[in-house]
1. Between ASP155 and ALA140, what is 0.36 nm times their sequence separation minus the Cα-Cα distance? Round to one decimal in nm.
2. Which pairs in the list LYS68/LYS244; LYS253/LYS326; LYS54/LYS165; LYS54/LYS223 are over 24 Å apart, alpha-carbon to alpha-carbon?
3. Tell me whether the stretch 173-235 comes out rounded, prolate or oblate; compute the Cα gyration tensor, take square roots of the eigenvalues as a ≥ b ≥ c, and use a/c under 1.5 as the rounded threshold.
4. From the square roots a ≥ b ≥ c of the eigenvalues of the alpha-carbon gyration tensor of the stretch 127-221, which class results: rounded (a/c under 1.5), prolate (a/b over b/c), or oblate?
5. Mind checking the full-extension length gain between ALA203 and GLU372? Use 0.36 nm per residue of separation minus the Cα-Cα distance, one decimal, nm.
6. Suppose every K and R has +1 on its Cβ and every D and E has -1 on its Cβ; what is the size of the dipole of the chain about the Cα centre, in Debye to the nearest 20?
7. With runs of 4+ DSSP H residues as the only contributors, calculate the mean residue ellipticity of the chain at 222 nm using -39,500 (n - 2.57) per run, divided by the residue total and rounded to the nearest 500.
8. Show the residues, 5+ positions off or on another chain, whose built amide H is closer than 5 Å to the amide H of VAL43.
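Every read-out reported here was derived from the displayed coordinates using simple, explicitly stated rules and does not represent laboratory data. Source: prediction; values computed, not measured. Cβ placement follows ideal geometry from the backbone for every residue including glycine, while neighbour counts extend to all protein chains displayed.
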Amino acid sequence: MNRTTLPLIIALAVALLSCKQGESGSSDQAGANGKALVNDQAVTEAEVVEHYTKLVSATYTDALAYAKTMQGAVNAFLAEPTAELMQKARDSWTAARLPYLQTEVFRFYEGPIDDEDGPEGLLNAWPMDEAYIDYVEGNAGSGVVNNAAEFPNIDAALIESLNEKDGEANISCGYHAIEFLLWGQDFSAEGPGDRPFADYTTADNADRRGDYLRAVTNLVVEKLEGLVAEWVPEKDNYRGEFLKLPTSKALEKIMTGMSMLSGFEMAAERLNVAYDTQAQEDEHSCFSDTTHNDMVYDLVGIHNVWTGSYKELSGPGLQVLAQGLKPELAGELGSKIEDSVAAAKAIPVPFDQAILGEDGAPGRKAILHTIETLEEQAELLVAMAGEMGFGVPVSEEEG
């Protein structure tokens with residue numbers, strides 16, 4: 001179907017469309033008035049786009065709230081370093097990751113997260129050379145923490161300035177820097193890293209290590225505050241600009257986030273590389289052994305955009321338009337989105353053990369199935385975008 005703009009959803013002249021329900025539990029069909037229907041209420045493209053901005057705002061707001069809880073737990077631990085408070089800081093990091101991962105579907109279209117000045121590389125860059133930050137096995141004096149001569153004062157400005165300096169692996173900040181400072185390197189087949197809390201009490205450069213952890217955590221909160229500000233309603237911000245776009249362009253951006261996260265970021269970068277190399281350093285959250293969360297909640301984010309739902313928030317998602325335009329394809333895509341979440345959940349934990357062994361091993365079979373499901377999902381997203389009158393990429397070369 002050749003169009004420069006997506007029309008307001010074709011009418012279905014026959015029986016109600018049967019479709020797989022998302023989290024919103026809505027029953028969707030196209031009406032004779034040329035608009036999509038949700039529970040017998042007409043929905044326009046513009047309303048779907050506007051609801052998307054509400055979903056983005058809600059998810060970033062949640063990510064910030066959890067990051068502030070993490071900040072409080074880190075500060076409590078640094079004020080009184082104990083094993084118990086260190087574990088609470090770790091738990092708060094793990095919890096803070098879940099809403100943030102669901103924001104990754106808002107990437108890849110030069111929005112506030114990853115435009116020219118976007119903070120994505122300051123929040124979630126990986127893989128990282130941990131020796132850039134602190135000591136590692138075989139090199140007790142490595143990293144900024146142990147280099148007081150060159151870096152006498154550790155603060156957020158320094159940490160941000162050093163990020164990816166002289167190389168992409170020289171990651172100094174973000175969630176994974178915090179992760180490394182809380183868990184340390186992971187040498188265990190059964191569990192995550194086990195950095196001792198004494199690293200923040202009696203170990204060499206304990207105070208500097210604490211300064212680094214405090215500052216890098218504050219930096220994550222600061223960058224999330226900026227993202228929240230760009231998406232809040234009724235402000236002169238990116239959200240306002242997004243709503244002024246032609247609806248076809250806004251929908252193209254929405255679907256680009258979904259297709260790139262499915263095909264490029266998840267299937268190719270985060271899963272296929274680790275599957276091929278069987279190397280722990282290619283695991284996304286290798287210090288904490290929480291990579292399974294990364295896989296699942298990134299895909300939950302795609303599901304959220306498709307259904308228009310996030311926690312208590314519910315409204316017209318992309319599925320409404322898709323079902324009215326091309327119901328059979330929409331049903332196939334909706335099922336595949338459900339399947340990809342289920343496939344990721346089926347990967348054995350921990351991920352760094354699932355990638356090992358022969359190709360017939362259960363973990364490797366589960367990972368390969370997830371990769372293939374995501375590739376199929378990306379193809380379906382491309383097909384649906386074509387029906388809507390625009391193209392979307394599934395790799396950086398196409399972007």
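1. Details: separation 15, 0.36 × 15 = 5.40 nm, distance 2.18 nm.
Full extension of this stretch gives 3.2 nm more.
2. Working: LYS68/LYS244 32 Å; LYS253/LYS326 20 Å; LYS54/LYS165 36 Å; LYS54/LYS223 19 Å.
Correct reply: LYS68/LYS244; LYS54/LYS165.
3. Working: a/c = 4.93, a/b = 1.92, b/c = 2.56.
The shape class here is oblate.
4. Numbers: a/c = 1.44, a/b = 1.23, b/c = 1.17.
It comes out rounded by the Cα gyration axes.
5. Numbers: separation 169, 0.36 × 169 = 60.84 nm, distance 4.63 nm.
So the chain would gain 56.2 nm between ALA203 and GLU372.
6. Working: 27 positive and 67 negative charges, 298 e Å.
With only Lys, Arg, Asp and Glu charged at Cβ, the dipole is about 1440 debye.
7. On the way: 14 runs with 200 residues, N = 399.
Calculated at 222 nm, the ellipticity per residue is -16000 deg cm²/dmol.
8. For VAL43, whose amide H was placed from the backbone, the distant partners under 5 Å are ALA36, LEU37, VAL38.
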